[in-house]
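*Asks:* Starting off with a structure, shown below.
The values are calculated or read from the model by the stated rules, or taken from the named source; none is laboratory data. None of these values were measured; they are calculated from a predicted model. With ideal geometry, Cβ positions are generated from the backbone for all residues, glycine too; neighbour counts draw on all protein chains shown. What goes into the accessible areas is simple: the full protein's heavy atoms, side chains included, and nothing from ligands, DNA or RNA. Shrake-Rupley method; radii C 1.70, N 1.55, O 1.52, S 1.80 Å.
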There are 2 protein chains.
Amino acid sequence: MYVNKIPQALDYGVSVTMKVIGGKWKPCIIDCIANGINRPADIRKAIKHASLRVINHQLTELLAYEVVSKQTYQGYPLRVEYKLTTFGKTLLSVIEAMQKWGDAHAEKVAEIAMKRNENIGAAPSRP
Amino acid sequence: MYVNKIPQALDYGVSVTMKVIGGKWKPCIIDCIANGINRPADIRKAIKHASLRVINHQLTELLAYEVVSKQTYQGYPLRVEYKLTTFGKTLLSVIEAMQKWGDAHAEKVAEIAMKRNENIGAAPSRP
DNA sequence: AATCATATGGACAAATTAATCCTTATCCTA
DNA sequence: TAGGATAAGGATTAATTTGTCCATATGATT
């Protein structure tokens, strides 16, 4: 596993939160799971711009931080389900706050990004 | 300016929010300014682990996204003040939500990070 | 003139994160 | 047996973000 060289910031609340949900696809994946999209392959379909490898990687970290739990089922086809833990559910209001702010100001932000000549395009999408 | 190669995600609220406050020091800088620490050199002192160069860089982006405004004063020593714009103030509740969640769960997250052998240490600090 | 405090930003290097490619494994179905 | 669907993750490269070093500029102070 990659080990940081620069010590990380965990005594400032925002940094703690970022540590847990700060990955590019993590809030998106949490959204999916909260909405009953539980299997990796289904999450993959819901988030069309992330590969299965990337989703798995993020799921592994969310699992490590106990945001989600994992249940493996017998049978065919191979079946795994991720669920939000009680702890994970406490994140929903934070994500919701971010989501609301972003939705409310998306146009303005996009406009500025455009002017700055940034590469705006396809994006993570809600389930 | 660096131009992204991979198109960015601005049609998902969380991504929009991350675009604006997603930098390592941005929430911290916004906190500072909200608390009356307005000059680059003072922000520098408040956030001991970021260099002036880094703070300036982040301030430039916050300025571009109209989160802060900039006022230059005549006289000596050279004096510049950044203030939150009305728009910038709308971010405070989001940052506060992240801050609260992080504060509430800092111990658990730190513990997991430790177990994962991550490099935990000095951090951005609140003003 | 030399020096200090403040602010800004170019050029580059280092660190971190995300993405790609590929392999393994299970169990059903044809 | 071969092949498809699902899941997991190693190894590597690409992209992005942070950080460092240094140069410039202003106006006072010594």
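Conditions (1) among the charged types (D, E, K, R); (2) under 29 Å from B:Pro27 (Cα atoms), marked per residue:
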residue: A:Gly13; (1), (2): no, yes
residue: A:Met18; (1), (2): no, yes
residue: A:Gly22; (1), (2): no, yes
residue: A:Ala41; (1), (2): no, no
residue: A:Lys48; (1), (2): yes, no
residue: A:Ser51; (1), (2): no, no
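*Asks:* Here is a further query. Kindly state which helices (runs of 4 or more DSSP H) lie completely within the range A:1-101 and contain at least 1 residues that are within 14 Å of DNA strand D (Cβ to nearest atom) and open to solvent by less than 80 Å² (accessible area, probe 1.4 Å).
*Replies:* Values: elements: A:13-21, A:26-34, A:40-46, A:52-64, A:86-89.
Of the helices (runs of 4 or more DSSP H) lying wholly inside the range A:1-101, those with at least 1 residues that are within 14 Å of DNA strand D (Cβ to nearest atom) and open to solvent by less than 80 Å² (accessible area, probe 1.4 Å) span A:13-21, A:26-34, A:40-46, A:52-64.
*Asks:* I would also like to ask the following. All but one of (1) in contact with a strand residue (DSSP E or B) (Cβ under 9 Å, 6 or more places away or on another chain); (2) over 14 Å from B:Ile29 (Cβ atoms) hold for B:Leu92; which doesn't?
*Replies:* The one condition B:Leu92 does not meet is (2).
*Asks:* Next question. Looking at (1) facing chain A (nearest Cβ under 7 Å); (2) touching a strand residue (DSSP E or B) at 6+ places or on another chain (Cβ under 6 Å), which is the only condition B:Lys70 fails?
*Replies:* (1)
*Asks:* Would the range B:119-126 turn up any residue that is in contact (Cβ under 8 Å) with a residue 40 or more places away in the chain, within 16 Å of DNA strand C (Cβ to nearest atom), surrounded by 14 or more Cβ atoms within 10 Å (Cβ to Cβ) and closer than 16 Å to B:Asp42 by Cβ?
*Replies:* yes
*Asks:* Report, by residue number, each residue of the range B:34-44 that is farther than 11 Å from B:Ile55 by Cβ and in contact with a strand residue (DSSP E or B) (Cβ under 8 Å, 6 or more places away or on another chain).
*Replies:* Hits for the range B:34-44 are B:Ala34, B:Asn38.
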